[in-house]
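Bear in mind these aren't lab numbers, they're just calculated from the coordinates by the rules spelled out. In this text the structure is predicted, and so the values were computed from the model without any measurement. With ideal geometry, Cβ positions are generated from the backbone for all residues, glycine too; neighbour counts draw on all protein chains shown.
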Amino acid sequence: MKSKPINFTLSLLVAFAILLTVSSCNQKNEQLSIQKPNIILINIDDLGWRDVGFMGSEYYETPNLDKLAANGMILTNAYAAAANCAPSRACMMSGQWTPRHKIYTVGSSARGKSKDRKLIPTPNNEYMPTDNLLLPEVLKEAGYVTCHAGKWHLTDDPLQDGFDVNIGGCHAGAPGSYYPPYTKVPLDAPSDEYYLTNLIMDKALDFVKSTNEKPFFLYYSPYAVHTPIHPVKELLPKYENKPEWNGQNNAKYATMVENMDTQVGRLIKLLEETDKLDNTFILFISDNGGHYRITKQWPLRAGKGSYYEGGIREPMFAYWKNKIVAGTKSDVPVTNLDFYPTILEAAGVKKPMEKTLDGDNILPVLTNTGEFNQRPLYWHFPIYLQAYVKNDTTTQDPLFRTRPGSAIRYGNWKLIQYFENNDLELYNLKDDISEQNNLAGSNQEKVKELLGMLEEWRNEINAPVPTELNPDFVEN
């Protein structure tokens, strides 16, 4: 009869011990979650290399970005892995070169007049393959709350690709309008004149507020500053009276750039007010070069859609308080392919065994804490892109921004190979950032070296090289 109270007491002690253990585990898990950095990836659409103050523009005004960049590291040799929207974004979100996901362009790969295309281009994949494990999927599995805000362009619904929240993302590459009704963009305006870029940030701020102490991943990619060029009306007078600088003089576009900067400023202010900024890792970049009809990136050659520097070199900075030294710069060549492994490393998340990544973790560069070996950067574009500007002399020819080919940068050297006639262009970017002096004829040893690397790389990843002649082609 006396054994029952003893057993009851033992049961209570065991239950209490279990509760303490569970509570302790929960506390540890919460502490681990709090310690994980928030991650914000800002990817602006069609923003050129010199379209921001921290890269030298004296026409466009970006004080919030300039301040954030000054408190982090500016990367002067940052690249997109493709020269236009969809393939660049596909590379960044998958961490893979274009031949792996086969998104080479926007829409058809046969752009321009058929009579001007010597080859039948490689067919384009307009959707990200469903079996490709994207960055937000890995972060979500690791406990991050994930949000996409703005332009997606890879599938119909970002919620199927690892995001918990979707703000305006779909397969559209641009809005019908930045003023209501926006069309193409699945967002309803709160009032008649409400600017789309502002609305996307409104909702992004709501997301940040909702996360409380949970670590979050915010992919902020507003449709701005992509066409249509719809000015922010109250800013227009300032730029209409502002002197041109280095070929930059589009007042309407300038208002879109400043407004984009203002929205980022609102985000930073909220992070400061909620004590989140100190534990937030921020990467800023553009998806491709600036639209050459709208803005200039001098001294870089050409713009969006071209594989000259003006089409693929991007404004970039990284911010992470107490991890990245403020006021630093790096001229190490990096690419948006590097973001996937870098973000995983920053988050303390292991790369899934089955996932192939073509970029490298660049935290050693950003934090100046380790060696980072020189490596080649590659581009593959077996497609055609018609010219934006009539008689444009900055591209390979006046009819196309891009003809089928590949490119490699290794050290200071860059080689472009075009497939139609095996035309080769070799540039020393250290001495000739404007790519005006083709050295392929005078430095055949360097051509042989880089072309060998390029061909070996294409073979390794099974990159398609178009060879079929177009029967509609008319030789000029």
For a quick check: with amide H placed at 1.01 Å from N, whose amide H comes under 5 Å from residue 44's, ignoring anything fewer than 5 positions away on the same chain? 285, 286, 287
Dipole magnitude of the chain about its Cα centre (Cβ charges: Lys, Arg +1; Asp, Glu -1), debye to nearest 20: 700 debye
By Cβ neighbour count within 10 Å, fewest first, 395, 367, 130 rank 130, 367, 395
Once the dipole of the chain is set up from charges on Cβ (+1 Lys and Arg, -1 Asp and Glu), the residue from the list 386, 108, 344 lying farthest towards its positive end is 344
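Where in the chain are the DSSP H helices whose C-alpha atoms run 30 Å or more along the long axis and whose mean Kyte hydropathy is at least -1.0?
3-35, 251-273
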Please turn the phi angles of the stretch 95-101 into ³J(HN,Hα) values with the Karplus equation 6.51 cos²θ - 1.76 cosθ + 1.60 (θ = phi - 60°), one per residue in order, whole Hz, x for glycine and proline. x, 10, 4, 4, x, 7, 9
Once you have the alpha carbon radius of gyration of the stretch 374-476, what is it after dividing by 2.2 N^0.38 Å, with N set to its residue count? 1.12
Quickly work out the residue 373-to-residue 67 label distance, labels modelled 7 Å from Cα along the C-beta direction, and quote it in nm with one decimal. 4.2 nm
Multiply the residue separation of residue 236 and residue 331 by 0.36 nm, subtract the distance between their alpha-carbon atoms, and state the gained length in nm to one decimal. 30.7 nm
How high is the relative contact order of the stretch 102-196, in percent, counting Cα pairs under 8 Å that sit 6 or more residues apart? 17 percent
Labelled set (i) 72, 59, 43; (ii) 91, 56, 54; (iii) 108, 54, 42; Cα extents along the principal axes in Å computed from this model equals the value at (iii)
Fully extended, how many nm does the chain gain between residue 246 and residue 465 (0.36 nm per residue separation, minus their Cα-Cα distance)? 75.1 nm
Charge dipole of the chain built from unit charges on the beta carbon (Lys, Arg +1; Asp, Glu -1), centred at mean Cα; most positive-end Cα among 406, 298, 395 is 406
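Please report 92, 55 as a ranked list, fewest other C-beta atoms within 10 angstrom at the top and most at the bottom.
Least crowded to most crowded, the residues run 55, 92.
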Grab the Cα-Cα distance for residue 272 and residue 443, subtract it from 0.36 nm times how many residues apart they are, and report the gain in nm with one decimal. 56.2 nm
Just how far, in whole angstrom, is the stretch 229-244 from the stretch 287-364 if you go by their alpha carbon centroids? 29 Å
Please order 232, 474 by the number of other Cβ within 10 Å, starting at the fewest. 474, 232
Amide H of residue 172 versus every other amide H placed in the peptide plane: which residues, excluding those fewer than 5 positions away on the same chain, fall under 5 Å? 153
Can you give the longest stretch of the chain with no exposed loop site, where a site means GluC sites (Glu not before Pro) in a DSSP loop (not H, G, I, E or B) with at most 14 other C-beta atoms within 10 Å? 59-192
Provide the per-residue ³J(HN,Hα) series for the stretch 306-317, in order, calculated from phi with Karplus coefficients 6.51, -1.76, 1.60 and θ = phi - 60°, each as a whole number of Hz, with x at glycine and proline positions. 9, 9, 6, 4, x, x, 10, 7, 10, x, 8, 8
Can you give the calculated 222 nm mean residue ellipticity of the chain, where each DSSP H run of n ≥ 4 adds -39,500 (n - 2.57) and the sum is split over every residue, rounded to the nearest 500 deg cm²/dmol? -9000 deg cm²/dmol
Within 10 Å of each candidate Cβ there may be at most 15 other Cβ atoms; applying that plus a DSSP loop requirement, which trypsin sites (Lys or Arg not before Pro) in the stretch 330-417 survive? 350, 390
